[in-house]
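The block underneath contains the structure these notes are about, expressed in structure tokens.
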Amino acid sequence: QVQLVESGGGLVQPGGSLRLSCAASGSIGSIYVMGWYRQAPGKQRELVARIYSDDTTNYADSLKGRFTISRDNAKNTVALQMISLKAEDTAVYYCNARSREYTYWGQGTQVTVSS
């Protein structure tokens, strides 16, 4: 089992920045990719970014240049740095981790971009 705990969400004005963090614990040695997804009201959950154990990264095309995913192996954390935030970035952001057998989700953290 793997436990994921997100932090760092909140209210930010358009154009502002936020940094989300996801702390992983448990059987993390089995994890080969971690990432962030988001779900806006009335919409499907979508990939934001992910990072593999070899540090390869993938981003949603629409978010490249504004969002950056990184990992700290010593602390077992994955971060998402978000800049130039827009109202349409408002969503619940979920941390995700995958092993060969299972997919794990955090509880989600709300990001609201509003003036």
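The values are calculated or read from the model by the stated rules, or taken from the named source; none is laboratory data. Bear in mind the structure is a predicted one, so any value in this text is a computation, not a measurement. Glycine also receives a Cβ, built like all others from the backbone with ideal geometry; neighbour counts cover every protein chain displayed. Ligands, DNA and RNA are excluded from the accessible area calculation, which covers all protein heavy atoms including side chains. Shrake-Rupley method; radii C 1.70, N 1.55, O 1.52, S 1.80 Å.
Count neighbours as other Cβ atoms within 10 Å of each site's Cβ, and list the trypsin sites (Lys or Arg not before Pro) in region 29-115 that are DSSP loop with at most 14 such neighbours.
LYS43, LYS75, LYS86, ARG100
Send over a whole-number figure in Å² for the accessible area per residue of the chain, probe 1.4 Å.
Spelled out: the 1.4 Å probe surface of the chain, per residue, equals 54 Å².
Kirkwood Rh, Cα Rg: Rg to Rh for region 10-75?
Ratio of gyration radius to Kirkwood radius: 0.98.
Normalized C-alpha radius of gyration of region 1-113, against 2.2 N^0.38 Å?
Ratio of Rg to 2.2 N^0.38 Å for region 1-113: 1.00.
Each residue of region 50-67 in turn: what ³J(HN,Hα) in whole Hz from Karplus with 6.51, -1.76, 1.60 and θ = phi - 60°, glycine and Pro shown as x?
Running phi through 6.51 cos²θ - 1.76 cosθ + 1.60 with θ = phi - 60° gives 8, 9, 8, 5, 8, 6, 5, 10, 10, 10, 4, 3, 6, 10, 4, x, 10, 10 Hz.
Restrict the search to region 2-63; then list the chymotrypsin sites (Phe, Trp or Tyr not before Pro) that DSSP places in a loop and that have at most 13 other Cβ atoms within 10 Å of their Cβ.
Of the chymotrypsin sites (Phe, Trp or Tyr not before Pro), the ones in loops of region 2-63 whose Cβ has at most 13 other Cβ atoms within 10 Å are TYR32.
Of the heavy-atom accessible surface of the chain (probe 1.4 angstrom), what whole percent is carbon and sulfur?
After summing per-atom areas, the C and S share lands at 46 percent.
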